[in-house]
Amino acid sequence: MSPMRAFTYDALPGRVVFGSGVARSGLLDEVDAFGAERILLIARDAESELVRELCGPFADRVTATFSAIRPHVPIEVAERAREAAAGADLLLSIGGGSTTGTAKAVALTTGLPIVAVPTTYAGSEVTPVWGLTEGTRKTTGTDPRVLPRTVVYDPDLTLTLPAALSVASGLNAMAHCVEAFWAPRRNPVSSAVAEDGIRHLAAGLPAVAADPAGRDARADLLLGAYLAGSAFAVAGSGLHHKICHVLGGAFDLPHAQTHAIVLPHVLAFNSAAAPEAASRIAAALGRPDPAGALGDLGRALGVPDGLRELGLREDGIETVLDEIVAVAPADNPRPVTRADLRTLLHAAWAGTDPVKENA
């Protein structure tokens, strides 16, 4: 056991309501708590049937709906959403990470409170982190105004999420947990939350893949995603997220799949320089080789072998190297050189074994 180091833990404010059926039975009460009379609903058209059901008890107070949601929140989308919020007194977000991200973009400039009802395992709903993309460059930041005031977690709402998307989204949550062990603001509390999150995700992911209708497995995944987001919110963003944000912004790669592919490679890269973190991650995964365990889990769950399967051209790697080096955290457990980063990205692109790559 290493000596306890001094730390600061900023507990983030917010109300969490968790349970099967709570969105249908309790969303009205959560909206009423804000005294909201003019609600901007942010949800994709694909969620329209669910939205009508959930918002039925207060449909007369939904004065506008914004559905033009896109991954990575392009700045032009954010601007249109802000225009739609004119006169609103509450933002209601129902959907996945991009939907929550769009609500955050509105809250960033308006200060409007957000009630979030996640339907995936993104975890963004419990973080004060926002992201906007202009052209090919994605910018992220932290602001307490974008942190949803209330989050309603209902495992039943994830039952219709296809298994493949559930797996990718759950592995994205896994990335939040793993990175929390060496992110800039890591501390014993966030590490404990992240470790428990890994256990729930590791139990829920294969179970959901085997039986997408299993409510217990869905609850495990959703609880794991909540813990993951909570740990990430406090610990901050490390090398893994810096890489994925640059790749996503530059090449419009699917967010969750990109995280799932890159994660084992970053874990393998950092493990030798962060032995205690690697040991705790391994214990939570139930295997002595955490990077190998994540790689095997991803393959078993049908995650693409490499970034090339997402459409990234090999020569694209060179175009983002300098940008990633520039934002790589100075306190990453292992110094990040341009040469090391090129090796890591080529391995993630080709889908090579991350353990052998760093042996």
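The residues in the stretch 229-258 that are touching a Ser or Thr at 6+ places or on another chain (Cβ under 8 Å), over 18 Å from residue 141 (Cβ atoms) and of a type in the set (Val, Ile, Thr) can be counted, and the count is 0. Looking only at residues of the stretch 283-315 that are of a type in the set (A, V, I, L, M) and not in a helix (DSSP H, G or I), we find that the one that is modelled with the lowest pLDDT is 303. Counted as qualifying within the stretch 1-120 are the strands (runs of 3 or more DSSP E) with 3 or more residues that are closer than 30 Å to residue 254 by Cα, among the aliphatic types (A, V, I, L, M) and outside the structural domain of residue 192 (by TED's automatic domain parsing), namely 39-42, 90-95, 114-118. Within the stretch 326-335, one or more residues are under 23 Å from the mean Cα position of the chain (by Cα), part of a helix (DSSP H, G or I), free of Cβ contacts under 8 Å to residues at least 24 places away in the same chain and in the same structural domain as residue 237 (by TED's automatic domain parsing).
Within the stretch 297-321, residues that are within 25 Å of residue 207 (Cα to Cα) and charged (D, E, K, R) have Cβ atoms under 6 Å from residues that are at pLDDT below 95 and crowded, with 16+ Cβ neighbours inside 10 Å in these pairs: 305/351, counting only partners at least 6 apart in sequence or on another chain. Within the stretch 228-247, can one find any residue that is over 21 Å from residue 328 (Cβ atoms), in contact with a Leu (Cβ under 7 Å, 6 or more places away or on another chain) and polar (S, T, N, Q)? Taking every residue of the stretch 228-247 in turn, none turns out to be over 21 Å from residue 328 (Cβ atoms), in contact with a Leu (Cβ under 7 Å, 6 or more places away or on another chain) and polar (S, T, N, Q).
Is it fair to say residue 249 is assigned by TED's automatic domain parsing to the domain that holds residue 344 and touching a strand residue (DSSP E or B) at 6+ places or on another chain (Cβ under 6 Å)? Judged against the criteria, residue 249 is a match. The combined condition, being closer than 21 Å to residue 302 by Cβ and acidic (Asp, Glu), is fulfilled by residue 211.
Filter the stretch 117-129 down to residues that are over 23 Å from residue 205 (Cα atoms) and modelled with pLDDT of 95 or more, then give me how many there are.
Result for the stretch 117-129: 0.
Residues in the stretch 76-87: is at least one among the hydrophobic types (A, V, I, L, M, F, W, C), farther than 19 Å from residue 38 by Cβ and at pLDDT 95 or above? Within the stretch 76-87, one or more residues are among the hydrophobic types (A, V, I, L, M, F, W, C), farther than 19 Å from residue 38 by Cβ and at pLDDT 95 or above. Of the helices (runs of 4 or more DSSP H) lying entirely inside the stretch 188-266, those containing at least 1 residues that are surrounded by fewer than 24 Cβ atoms within 10 Å (Cβ to Cβ), without any contact (Cβ under 8 Å) to a residue 40 or more places away in the chain and on the phi < 0 side of the Ramachandran plot are 188-210, 215-235. So, residue 280, is that one over 22 Å from residue 236 (Cβ atoms), part of a helix (DSSP H, G or I), touching a Phe, Trp or Tyr at 6+ places or on another chain (Cβ under 8 Å) and basic (Lys, Arg) or not? Considered against the rule, which asks whether it is over 22 Å from residue 236 (Cβ atoms), part of a helix (DSSP H, G or I), touching a Phe, Trp or Tyr at 6+ places or on another chain (Cβ under 8 Å) and basic (Lys, Arg), residue 280 comes out as no. When the test is whether a residue is over 25 Å from the mean Cα position of the chain (by Cα), of a type in the set (S, T, N, Q) and modelled with pLDDT of 95 or more, residue 99 does not pass it. Among the conditions (1) surrounded by 23 or more Cβ atoms within 10 Å (Cβ to Cβ); (2) over 25 Å from residue 330 (Cβ atoms), residue 282 misses just one, which is (1).
The values are calculated or read from the model by the stated rules, or taken from the named source; none is laboratory data. All values reported here derive from a predicted model rather than from experimental measurement. Because the Cβ atoms are built from the backbone with ideal geometry, glycine has one as well, and the counts that use them run over all protein chains shown.
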